[in-house]
Each structure stands twice: as structure tokens, then as C-alpha cells.
Amino acid sequence: MKKILQDLSYEELAALVNACGEKAFRAKQIFEGLMQGKKISELPVSAPLRAKLLDMYEDEPVKIREIFTSQDGTKKFLFELADGNLIEGVLMKYKYGNTQCVSTQVGCRMGCKFCASTLGGRLRDLTAGEILCEILAVNRLEGGTLRERAVTNVVLMGSGEPFDNYENVVKFLRNLTAEGGIHISARNVSLSTCGLVPEMRRFAEEGIPLNLTISLHAITDEQRRRTMPIANKYSIAEILAACSEYFEKTGRRYIFEYSLIEGENADEAHALALCALLKGRPCHVNLIRLNAVKERNLKGTDERTARKFLEILEKNGISATLRRSMGADIGGACGQLRAAYLENGNE
Ligand code: SAH
């Protein structure tokens, strides 16, 4: 595989353009072109420079291969990477803007029992540029520019565990939030982790004030171990300590994802235990009814049970939201589309 030009920061690109014997203003032209989602072959540069770049770098690292549109307006994208691997992303339209959910790895090796991304394990990490290109491609397709972005918010909640691909994800975040590029503020970015404690700690030092989101889904370690193998490695107490550290260092409150699973974690007693666990913490809880995954024997709760759970949290002073399951008709949950696609022999 060739290298990915979109991996480079503006400074790195400027050094490359300089090394090619080109004038400095070319770097800005190339950078802006790339950030608008252009291919190398579409860049306004001289033929010899274009040939040189195409010799070393992928022309279009991330291609949109298919688009599925849900009745609620959510769009799901199947992307193809230069080596033929497939990843997926989702664009959700809200009143305040459009949120894109991106993948950070091809597959995932965390093994959560309710998640389709993990069914075939992790094939490889995405590079910083590949993650960025998911966004650049969708922003362009939706008619966005660098000034008037069609993608205003980003969540790292697609396939993959962001902190299992730490270096590339941090580089991606720096390029995503840099001035002169697509320039999405860290405050409009959420990173979701299953709770890799050492990386959570390390991330608190990076100076990227995004919304740190932790997939909790359980109230005791024993219960968490039933659905999330990572709970064998790190305890909830360690995760909470890392969250406190994150808050102390960044001043940002943190968010817990809690998927409501029938017969597993969604009773009144569980809600009360969750309140006790989180009482007094500067956090928010996102509840979502589990999106049933065909290959997994787990089901989401009904709407009534979910509302009741939310009520208990609110009554006990825990800030919480019950998320709508968006795009359920197009396989909205992580990894569902790719899994279906591979299964149908489309590759
Ligand atoms: N690896 C990261 C981010 C990817 S998953 C993490 O674990 O946080 C994004 C979120 O979707 C996580 O909270 C994950 O637990 C949740 N999720 C996965 N499969 C789901 C499903 N079938 N229904 C509802 N939520 C799901």
C-alpha cells in the first residue's frame, strides 16, 4: 500500500512540498484541496508534482462505496480503503448540526458480546489520514466546504477501539482540530472507549479537550465481565479513578454510555445501583436501548423500561439522556453493515 498524504499535518506537508523543490504557497493550495476532500489527481498543481505525489501516495485513500439512507434521514456509508478493506460510518442529522460517526480500526479485538464490530476480530488499525478521509469524503459529498461544513460534530464510535490505536487517533484528532484544515473544535468531538485505563490517563495529558465517553454498560465488575472481556483487565473503580483524573486535568465532565440489555442491566435495582456508583460525579449518562445484533443472543429493553430507568436516574440527580436508536432500519449499530455486507458475499 502507498502512503497516505492526509496523514500529514500542515507543517509536515509544507516540509514535503519544500523538499520537492516547490514554492511555499503550493503547500497551502495542496492542503486546502485535500481538506476539501479532493483526490491528489484533482489538485491544482503542476503535472510533474502531481506525478511525484501519485507515485508515493494514494490518490483516494477512502472511497465511498455505498450509501444507505434511513427513513429518519440518517445515512450510513460503506467506505473502501486502498487495500480493499471495508469500514463504515454514519451521518446523523440533528437540529444543531450533523454528527458523523467514524471507525478507527478495521474490525475490533475488544470482544464485547453485544457488538457486531468484533465478530471477525481486528484486521488492522486505520491511519490518522484514513480516519480523517472518512470525514472529508462525507463533508464533500454532502456539499460542505471548509467554511460551511456539512459535518459539524464527530464521534469516534464506529468500529474499533480508539485507544487500541492510540498514536494514530491522537494524530487524527490534532489534524481534525487544526486551524486551516476542516477545523472541527475538540468540544464538538466525542471519543468513546471501552475503558483502557492507561490510555485514558495518557490522553488526559494531551491537551485535547474533547468529550471523553466510556462504555460502562454494567454496575459491577462481575456483571461487566459477562458482556465486556476488557472488564477482566480493568475494574470499574480504576475506570472511575481515571475519569476523575481526566476531569482534574481538563475541567471537562465525562460521559458514560449505558446500553440497556433485557434481563441483564436494565431493572430498577440496576438503575439505583448506577445512581449510587455515579453520585456526585461531574458526569452524564447516555442511555440507549441495545440494538439487537443478529449474531448475538442479546436484546434491547422495551421503550417503557428504558423510560423508567431514565426517570430513576433523573430523580436521583444524575444527568442523563435516553438516546433514540437512529437508523435502526439500515443497521445503525457498529459493525452491522460491514458484517452484513461480508456475509452476503459482496466482497
Ligand atoms: N470501542 C469504543 C467505541 C466503539 S462502540 C467503545 O467501546 O466505546 C460505540 C458505542 O456503541 C459503545 O458504547 C458500544 O458499547 C456501543 N454499542 C456497540 N454495539 C451496540 C449495540 N448493538 N447496541 C447499542 N450500543 C452498542
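Of all residues in the range 251-261, none satisfies being in contact (Cβ under 8 Å) with a residue 40 or more places away in the chain, in a loop (DSSP other than H, G, I, E, B) and of a type in the set (Asp, Glu). Residues of the range 87-106 that are of a type outside the set (S, T, N, Q) and surrounded by fewer than 22 Cβ atoms within 10 Å (Cβ to Cβ): MET92, LYS93, TYR94, LYS95, TYR96, GLY97.
Could you give every pair whose Cβ atoms fall below 6 Å, whose first residue belongs to the range 1-25 and is in the same structural domain as ASP55 (by TED's automatic domain parsing) and under 13 Å from ARG174 (Cβ atoms), and whose second residue is surrounded by fewer than 18 Cβ atoms within 10 Å (Cβ to Cβ) and not basic (Lys, Arg), counting only separations of at least 6 or pairs across chains? Pairs found: TYR10/GLY180. Scanning the range 53-65 turns up no residue that is over 19 Å from VAL17 (Cβ atoms), within 16 Å of the ligand (Cβ to nearest atom), of a type outside the set (Phe, Trp, Tyr) and open to solvent by less than 60 Å² (accessible area, probe 1.4 Å). Of the residues making up the range 274-293, those that are in contact (Cβ under 8 Å) with a residue 12 or more places away in the chain and more than 10 Å from the ligand (Cβ to nearest atom) are LEU274, CYS275, LEU277, LEU278, LYS279, ARG281, PRO282, CYS283, HIS284, VAL285, LEU287. Identify, by number, the condition in (1) touching a Leu at 6+ places or on another chain (Cβ under 8 Å); (2) on the phi < 0 side of the Ramachandran plot; (3) open to solvent by 10 Å² or more (accessible area, probe 1.4 Å) that GLU245 doesn't meet. (1) is the only condition that GLU245 fails. Every test in (1) open to solvent by less than 70 Å² (accessible area, probe 1.4 Å); (2) touching a residue at least 40 places away in the same chain (Cβ under 8 Å) is passed by ILE40 save one, and that test is (2). For the subset of the range 231-242 comprising residues that are in a loop (DSSP other than H, G, I, E, B) and not polar (S, T, N, Q), which member is surrounded by the fewest Cβ atoms within 10 Å (Cβ to Cβ)? That would be LYS233.
Here PRO48 clears all of (1) open to solvent by less than 50 Å² (accessible area, probe 1.4 Å); (2) assigned to a helix (DSSP H, G or I); (3) over 29 Å from ASN165 (Cβ atoms) except the condition numbered (1). Any residue in the range 292-307 that is more than 28 Å from ALA116 (Cβ to Cβ) and surrounded by fewer than 17 Cβ atoms within 10 Å (Cβ to Cβ)? Looking for residues that are more than 28 Å from ALA116 (Cβ to Cβ) and surrounded by fewer than 17 Cβ atoms within 10 Å (Cβ to Cβ), one finds none in the range 292-307, hence no. Screening MET200 with (1) more than 13 Å from the chain's Cα centre (by Cα); (2) within 14 Å of the ligand (Cβ to nearest atom); (3) within 19 Å of VAL62 (Cα to Cα) gives one miss only, at (3). Looking at the range 269-290, which of its residues are open to solvent by 40 Å² or more (accessible area, probe 1.4 Å) and either touching a Pro at 6+ places or on another chain (Cβ under 9 Å) or assigned to a loop (DSSP other than H, G, I, E, B) (or both)? LYS279, GLY280, ARG281, PRO282 - these are the residues of the range 269-290 that are open to solvent by 40 Å² or more (accessible area, probe 1.4 Å) and either touching a Pro at 6+ places or on another chain (Cβ under 9 Å) or assigned to a loop (DSSP other than H, G, I, E, B) (or both).
Filtering the range 244-253 for residues that are within 16 Å of the ligand (Cβ to nearest atom), out of contact with any strand residue (DSSP E or B) (no Cβ under 6 Å at 6 or more places or on another chain) and over 16 Å from LEU287 (Cβ atoms) leaves an empty set. Exactly one residue out of LEU146, LEU81 is more than 15 Å from the chain's Cα centre (by Cα), closer than 19 Å to GLN6 by Cα and either surrounded by 20 or more Cβ atoms within 10 Å (Cβ to Cβ) or aromatic (Phe, Trp, Tyr) (or both), and it is LEU81.
Considering the range 206-230, and only residues there that are touching a Gly at 6+ places or on another chain (Cβ under 8 Å) and in a helix (DSSP H, G or I), the residue that is nearest to the ligand (Cβ to nearest atom) turns out to be ILE230.
Screening ALA186 on (1) within 14 Å of the ligand (Cβ to nearest atom); (2) out of contact with any Gly (no Cβ under 7 Å at 6 or more places or on another chain); (3) aliphatic (A, V, I, L, M) shows it passes everything except condition (1). Taking the range 271-291 as the range and being of a type in the set (A, V, I, L, M) and under 20 Å from the mean Cα position of the chain (by Cα) as the test, the residues that pass are VAL285, LEU287, ILE288, LEU290.
The values are calculated or read from the model by the stated rules, or taken from the named source; none is laboratory data. Keep in mind the model is a prediction, meaning the values are calculated, not measured. Cβ atoms come from the backbone with ideal geometry, glycine included; neighbour counts cover every protein chain shown. The accessibility values were calculated without ligands, DNA or RNA, using every heavy atom of the protein model including side chains. Shrake-Rupley method; radii C 1.70, N 1.55, O 1.52, S 1.80 Å.
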